[in-house]
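For reference, the structure is listed below as structure tokens.
A short reminder: the numbers here are calculations on the coordinates, not readings from a lab. A quick note: this is a predicted structure, and the numbers were derived from the prediction, not measured. Cβ placement follows ideal geometry from the backbone for every residue including glycine, while neighbour counts extend to all protein chains displayed.
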Amino acid sequence: MNFRNFTALICWLGLLAVSAWAQETPGMTNLWQVKLPSGTSGSSPACAPDGTIYVGTFRGGLFAFTPEGQRKWKFQAGLEINSSPAVADDGTVYFGSRDRKLYALAPDGKMKWSFATEGWVDASPALATDGTIYFGSWDKNFYALNPDGSLKWKFATSNLVDSSAAIGADGIIYFGSHDGFFYALSTDGKLKWKFAAGAEISASPAIAADGTIYFSSTDGIFYALKPDGSERWRSRTQGWTSSSPVLDEAGNIYLSVNVEEFSLSPDGKVRWHFYINKPVTTSAAALTNGNIFIAGPWSASGLVNSAGKFLWNFPAGQGFYASANISPLGVIYIADDHLLSALRLATSATSAAKSSWPQWRADPQHTGRVQK
């Protein structure tokens, strides 16, 4: 992945203020914070190849910030943005809104096009290497769009789709639906297979280097499927989650489930789990040194080591409902109910793990493609 270095300055943003302090925590420095006008309800910040940070907010604003925390522009959608933005290699920004549209914006914030559906678009778009954009809608359809915004194909399910899709190394698209099925589609929109889970699926899947697909369902079970759709194993987590799994360099899996954080081995054995005082809906991020970064609901973020021990806590904002974004050079972007924060980790943990799926949506651009 080619991403530029992120520098850290404290700036005045006009209508939005950057807090004029840098807080030190063992192993971490708070570089800057930007006050968001309405906070986020689930839209995770995305990083473009040029370092621009994009984040959606509850009142429908999609904001762009420089790596130094300066506001570049704002685009106003019709309703709230729960979808996390995804950035293509050419800088185009894609995101969904509850105004029932998927948007494509140029890097300068001008709208290139919008595509209307018949339901909320809470799912984050996945971007294929050929430029195809994949996403689901509350209208029970899963869509494939061409880069110009025209419809390539759509696939009907029998209930709403708010699970963000994952794209395998072979281009196969994976997603879940509230109809209780997990789907695998070919690039022409044909069904390859579907797997019946015990309940609706909201969480986005993750894909391992060997092609194993991981996802969770609201039946309290975490599933591992082979690329042909057969079950490899399942693990009962004793709770439901909308969080998506991430993988470290050894293939270990990290998953937030209700009020606990779990780590499982690639064969489905529970390595450890620990209690958190409130339900967690965010995905963790695996780092190069084996540590795990978590943005939690307790108004804090923190670092956990590979053995499941909490190393430090960083208090910020009102609690995190959107997953963190880890840059390869050690800058972490997290958004809560009031703030977008930029944190820098210690030099021993300067990037996301070199795994197939180290963080939410796989990479800082949120492409939703398996990492090679």
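Spin-label model, Lys278/Ser114: points 7 Å from Cα along the beta carbon direction are separated by 3.2 nm. Compactness of the range 193-252, taken as the C-alpha radius of gyration over 2.2 N^0.38 Å, stands at 1.05.
Normalising the average separation of contacting C-alpha pairs (under 8 angstrom, six or more residues apart) by the number of residues puts the relative contact order of the chain at 14 percent.
How would you order 233-239, 201-207, 249-255 from highest to lowest mean count of nearby Cβ atoms within 10 Å?
My ranking of the peptides, most packed first, is 201-207, 249-255, 233-239.
The length gained by stretching the chain between Asp130 and Leu151 to full extension, at 0.36 nm per residue less their Cα-Cα distance, is 6.1 nm.
Rank these for me by crowding, Thr288, Thr40, going from fewest to most other beta carbons within 10 Å. Each step should come with its number before you reach the end.
Working: Thr288 20, Thr40 27.
Lowest to highest Cβ neighbour count: Thr288, Thr40.
Largest mean-square fluctuation among Trp32, Trp120, Trp272, in a Gaussian network model of the chain whose springs join Cα atoms under 10 Å apart, belongs to Trp272.
Peptide packing: for 184-191, 214-221, 126-133, the average count of neighbouring Cβ atoms within 10 Å per residue gives the ranking 214-221, 126-133, 184-191, highest mean first. Straight-line reach from Lys226: taking Cα to Cα under 16 Å and skipping same-chain neighbours fewer than 8 places apart, the lysines in range are Lys192, Lys194.
Could you work out the Rg to Rh ratio of the range 106-226, with Rh taken as the Kirkwood radius (inverse of the mean 1/r over all Cα pairs)? So for the range 106-226, dividing Rg by the Kirkwood Rh gives 0.97. For the chain, pairs of C-alpha atoms spaced more than 29 angstrom apart make up 33 percent of the total. Overall, the range 12-349 carries a charge dipole of about 340 debye about its Cα centre when +1 sits on the Cβ of Lys and Arg and -1 on the Cβ of Asp and Glu, all other atoms neutral.
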